[in-house]
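**Student:** Supplied in structure tokens, the structure appears directly below.
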Amino acid sequence: MDYLHESAASIYHRRRRQRLIITMTCVILLLLGTAVYAASYVQGWVGAATPKPVAIATCNNTTSTRALTPRDVTVNVYNTTDHAGLAASAARSLRNQGFKIATVDNDPLAKTIPGVGEIRHGLSGTARAVLAAARLPGARLVLDERMDASVDLALGTSFRILIVPTRSARFKAARLTTRC
């Protein structure tokens, strides 16, 4: 083809077609690169590294190996239902069993728990939460970010009564709370 005899219109169309091909190629490559990056991020090949599990020492050789008792546990009792006085009656029962009661109120997280309840605790309060869990069978243990050893007992819609565990259940909970 002789480019000297080409009309201005045909030159314009040829250049426009070339620009379109270049633009579409760049867009397709950009989309393809984005899809590859997204897939590799989902697979964990790039992006934020998933944290590796860290072993946390829960036992300290300098502490006593005495089993925990209810008087060693401070409990906050929260009502997540619309039944008035539920937290107060549960707190009375826990106090009668020897627990220290700090707060009795409606749930500060404003959650409605459909089951029996939740026992919220920090890492340092895990043993205390297990001891409290023996009083509320069916409750979920929920680890949160608190730094102290306090335990929150959030009563759910299925809660009816706290139990006094049998001697064997208390022994089993005590073994779980003191084992390294």
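**Student:** Restricted to region 30-74, and to residues that are of a type in the set (G, A, S) and within 26 Å of P165 (Cβ to Cβ), which residue is modelled with the highest pLDDT? Full working, then the answer.
**Tutor:** Start the filter on region 30-74 by keeping residues that are of a type in the set (G, A, S), which leaves 33, 35, 38-40, 44, 47-49, 55, 57, 64, 67.
Okay, now just the ones that are also within 26 Å of P165 (Cβ to Cβ), so 64, 67.
On the way: S64: 50, A67: 79.
Filtering first and then ranking leaves A67.
**Student:** How about region 115-156: which strands (runs of 3 or more DSSP E) wholly inside it have at least 2 residues that are hydrophobic (A, V, I, L, M, F, W, C) and within 18 Å of the chain's Cα centre (by Cα)?
**Tutor:** Strands (runs of 3 or more DSSP E) meeting the threshold: 140-143, 151-155.
**Student:** If you check every pair at least six apart or on different chains, which have Cβ atoms under 6 Å apart with a residue in region 77-91 that is without any contact (Cβ under 8 Å) to a residue 40 or more places away in the chain and on the phi < 0 side of the Ramachandran plot first and a residue that is hydrophobic (A, V, I, L, M, F, W, C) and crowded, with 22+ Cβ neighbours inside 10 Å second?
**Tutor:** Listed by first residue and then by second, the contacts come to A91/V77.
The values are calculated or read from the model by the stated rules, or taken from the named source; none is laboratory data. Predicted model only: the values in this text are computed from it and were never measured. Note that we place each Cβ from the backbone using ideal geometry, even for glycine, and neighbour counts take in every protein chain shown.
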